[in-house]
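**Q** Structure in structure tokens, see below.
Laboratory data are not the source of any read-out in this text; all were calculated from the coordinates shown. For clarity, every value in this text was computed on a predicted model and none was experimentally measured. Note: ideal-geometry Cβ built from the backbone for every residue, glycine included; neighbour counts use all protein chains shown.
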Amino acid sequence: VDVPANQTVSVSETYLQREPLPGTLIVTTTPVAGAIAVDGQARGTGSWTGEVPATDSHTIRLGEVPGFATPASQTITLAPGERRTVVGQYERQAQTATLSVTTTPVAGPISVDGQARGAGAWTGEVPVGSHTVAFGEVTGYEQPAQQTMTLAAGERRTITGTYRERPRVAFLTI
């Protein structure tokens, strides 16, 4: 601007406040496709890429997938223009249960699903699902009935086989 000598010029300026550049958030889940929510909004399954306001906190939550442990929620803040990837790592949950079998008052033979497991007491991991526990013969005792049960992942179950003493019979010959 040229201002001639002895003259006054008025200058005004207008400043516009610009919104900060958004950040780009990339969310993926592995090894399975879990549901993705960002700031409480469903964003898809398996992977999502989107712009989010920078300098704000954003909470990423992942949905449950049967047979897998759900990753913990994460809260992040992006700088203007930043591009960040967040990976939700699902871990396979144990697909086993714990079964404990005891016999009383004697140490009777134990079998689980047709496999001998010792006598008196046995504890072990079994696959999730249906299992049959059977008890073997012990001289002088009535054999307990077999028991069938269905076990869920992580469940702990205790089974007891109770042997009953057989009545003793004596014959007297005269």
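**Q** By the gyration tensor of its Cα atoms, with a ≥ b ≥ c the square roots of the eigenvalues, what is the shape of the stretch 74-174: rounded for a/c under 1.5, prolate for a/b over b/c, or oblate?
**A** Judged from the Cα gyration tensor, the stretch 74-174 comes out prolate (a/c at least 1.5, a/b above b/c).
**Q** Using only the Cα atoms of the chain, what semi-axes does the equivalent ellipsoid have when each is the square root of 5 times a gyration tensor eigenvalue? Give whole Å, largest first.
**A** 78, 12, 10
**Q** Further question on the same structure: Please return the longest range in the chain lying between exposed loop sites, taking chymotrypsin sites (Phe, Trp or Tyr not before Pro), DSSP loop only, at most 16 other beta-carbon atoms within 10 Å, and leaving the sites out.
**A** 16-170
**Q** Also: Enumerate by residue number the trypsin sites (Lys or Arg not before Pro) in the stretch 77-174 meeting two conditions: DSSP loop (anything except H, G, I, E, B), and at most 10 other Cβ atoms within 10 Å of the site's Cβ.
**A** Sparse-neighbourhood loop trypsin sites (Lys or Arg not before Pro): ARG168.
**Q** Quick one: longest stretch of the chain between exposed loop GluC sites (Glu not before Pro), exposed meaning at most 16 other C-beta atoms within 10 Å and loop per DSSP?
**A** Longest site-free region, per DSSP loop and neighbour criteria: 83-136.
**Q** Pop the C-beta distance of MET149 and ALA170 into the FRET formula with R0 = 30 Å and round what comes out to the nearest 0.05.
**A** Computed FRET efficiency for MET149 and ALA170: 0.15.
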